[in-house]
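First up is the structure itself, then whatever we jot down about it.
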Amino acid sequence: MDLAGSERVSLTKAAGERLKEGANINKSLSVLGNVIRQLSEGKEFISYRDSKLTRLLSQALGGNAKSLIIGNIRPMIHREVADGLERLWNVRVNCIWEADESSRHGEVYIFDHVFNQECTNSDVYGSVVKPLVDSFMEGFNATIFAYGQTSSGKTHTILGNKTDPGLFQLVSNQLFQHVADQVDKRYLIRCSYIEIYNEKINDLLDRAIRV
């Protein structure tokens, strides 16, 4: 592993750049030493994603810890279709704007990516979530946070239905399939299912427990 990045420093670079690279080498080796020490002590889990080593080598390790904002336009429900309602937004790759040209004020809202109402939860999963789970299985931390007002489609995205499984089921399938494929390894999987409602935390796996 090349901890210092490129060692082929151009002869035309200033000495200050060489000093900076040398400092990064020392910093990387120091953090790597801490990781090796924890491994030698038999630690079951090392938080690579939150470690200094990850931040120093974020590109080499395949990305960084930035947040991505993904827009997901839910399909219309039966009542909306029966009432003859029409879509309100136009979608193009990573931006949305009002479909009604007469009410537009020129605003275009830009995200990292936007899925239109024809996209399924499997589309969202394959494009956005699966890479996170792959990284998670390599020891990184990952979070998927569904945010939106009532009836915006959060439950549909996370839980889905029989014909369009949600991200919860799709992630679980990938997770347990990965474990089943790794016959020479042992895994410990813990799952909690909680609800935050009216500033109270409820354990949905045991309604009698309130945190």
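The values are calculated or read from the model by the stated rules, or taken from the named source; none is laboratory data. All of these numbers come straight from a predicted model, not from anything done at the bench. Glycine gets a Cβ as well: all are built from the backbone with ideal geometry, and neighbour counts include every protein chain shown.
The listed residues are LEU170, LEU188, LEU175, LEU132, and the only one of them that is among the hydrophobic types (A, V, I, L, M, F, W, C) and not in a helix (DSSP H, G or I) turns out to be LEU188.
Summed over the stretch 178-194, the residues that are free of Cβ contacts under 8 Å to residues at least 60 places away in the same chain and surrounded by fewer than 10 Cβ atoms within 10 Å (Cβ to Cβ) give a count of 10.
Taken over the stretch 166-190, the residue count meeting the criterion of being touching a helix residue (DSSP H, G or I) at 6+ places or on another chain (Cβ under 6 Å) and at pLDDT 90 or above is 6. Screening LYS162, LYS154 for residues that are closer than 26 Å to CYS191 by Cα and surrounded by 13 or more Cβ atoms within 10 Å (Cβ to Cβ) leaves exactly one candidate, LYS154. Can you name the residue in the stretch 82-108 that is in a strand (DSSP E or B) and surrounded by 13 or more Cβ atoms within 10 Å (Cβ to Cβ) and, of all such residues, is nearest to the chain's Cα centre (by Cα)? Ranking the candidates gives CYS95 first. Taking the stretch 122-169 as the range and being in contact (Cβ under 8 Å) with a residue 24 or more places away in the chain, in contact with a strand residue (DSSP E or B) (Cβ under 8 Å, 6 or more places away or on another chain) and not hydroxyl-bearing (Ser, Thr, Tyr) as the test, the residues that pass are VAL124, VAL128, GLY153, GLY166, LEU167. Count of the stretch 125-140 residues, restricted to those that are farther than 12 Å from LEU175 by Cβ and either modelled with pLDDT under 90 or surrounded by 14 or more Cβ atoms within 10 Å (Cβ to Cβ) (or both), is 8.
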